[in-house]
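First the structure, in the form of structure tokens, and then the observations on it.
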Amino acid sequence: MQEKSLNNLIPNEISRRTLFDSSTKNGNIEILVRRTAIEKYLGINLSSLASGIIDFEVLPPETRKGVIGILQIPVVIVGPFNYIRRGDGGLERTFVPLALITTQISKLASKLAQINYPEKILMNPLRVGELAPLLGNTGFHVILTSLAVASAIELEELYSCITGKENHDRELSECIEISSLLFETNPTIVDIAKIITGEEDPDISSYKRKIKDTVELTARLLLFSRDLFQ
């Protein structure tokens, strides 16, 4: 788009509602216009928000309201870990992805990497009630949040499930939901899915299965060495 044409779309005055509701027929132009309006209004440069690779046309018009770009944060990978899934005898492998949302992640990831745990972890169903010893553990909450951010897990739903007394006998895997929106639009999440599944073009169903295993495995590691993560 020529600069002149873009300037014609940028409002001279912006307000909360006009900025949030501004829209065009093309989602990518819409985000560009909104971001450029803020840059012009504040006299700043938002090049970092513009550097992410994403096709905003994928987002429905109602969903992309207010969006001005994308931020991609550093991701720490710990692994590989080998496990036998639910006693079916098949050896599988996964990595634990952690978003670097705080410098504490580096220390926690280092501890996670050094846990002296069996090379083949048996993955029988893990119940929510078994996580009780971890609920007061600061490290557990930091790792869980970081893991959720890095892998597009619906964090609010996960926490609601593991802290709900009525869910004591529920399997942890049942508490884990993946944001299909982030999976479909965020290139960082797609790359994480490639690492977790070992596939070049993973679909969301295979990723869901593997990330559920990954969260369960991480919880087992923390239960095994919970004193390290206080």
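The values are calculated or read from the model by the stated rules, or taken from the named source; none is laboratory data. Computed from a prediction, not measured in an experiment: that's the story for all the values here. Here the Cβ is made from the backbone with ideal geometry for all residues, glycine too, and neighbour counts use every protein chain on show. For accessibility, only protein heavy atoms count, side chains too; no ligands or nucleic acids. Shrake-Rupley method; radii C 1.70, N 1.55, O 1.52, S 1.80 Å.
In table form, for the structure just shown:
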| read-out | value |
| --- | --- |
| Residue list for segment 20-54, filter: exposed (fewer than 13 other Cβ atoms within 10 Å of the Cβ) and among the hydroxyl-bearing types (Ser, Thr, Tyr) | Ser47, Ser48, Ser51 |
| Subset of segment 55-66 (residues that are of a type in the set (A, V, I, L, M) and either open to solvent by 70 Å² or more (accessible area, probe 1.4 Å) or more than 18 Å from the chain's Cα centre (by Cα) (or both)) | Val58 |
| Segment 67-108, subset within 30 Å of Thr18 (Cα to Cα) and modelled with pLDDT under 90, residue most open to solvent (accessible area, probe 1.4 Å) | Leu71 |
| Qualifying positions in segment 118-151 - of a type in the set (Gly, Ala, Ser) and in contact (Cβ under 8 Å) with a residue 40 or more places away in the chain | Gly129, Gly139, Ser146, Ala150, Ser151 |
| All positions within segment 124-146 that are within 19 Å of Glu177 (Cβ to Cβ), hydrophobic (A, V, I, L, M, F, W, C) and not in a helix (DSSP H, G or I) | Leu126 |
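Here's the yes/no breakdown for (1) more than 26 Å from Gly27 (Cβ to Cβ); (2) without any contact (Cβ under 8 Å) to a residue 40 or more places away in the chain; (3) loosely packed, with under 15 Cβ neighbours inside 10 Å; (4) within 12 Å of the chain's Cα centre (by Cα):
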| residue | (1), (2), (3), (4) |
| --- | --- |
| Glu154 | no, yes, no, yes |
| Ile189 | no, yes, no, yes |
| Glu200 | yes, yes, yes, no |
| Ala219 | yes, no, no, no |
| Asp227 | yes, yes, yes, no |
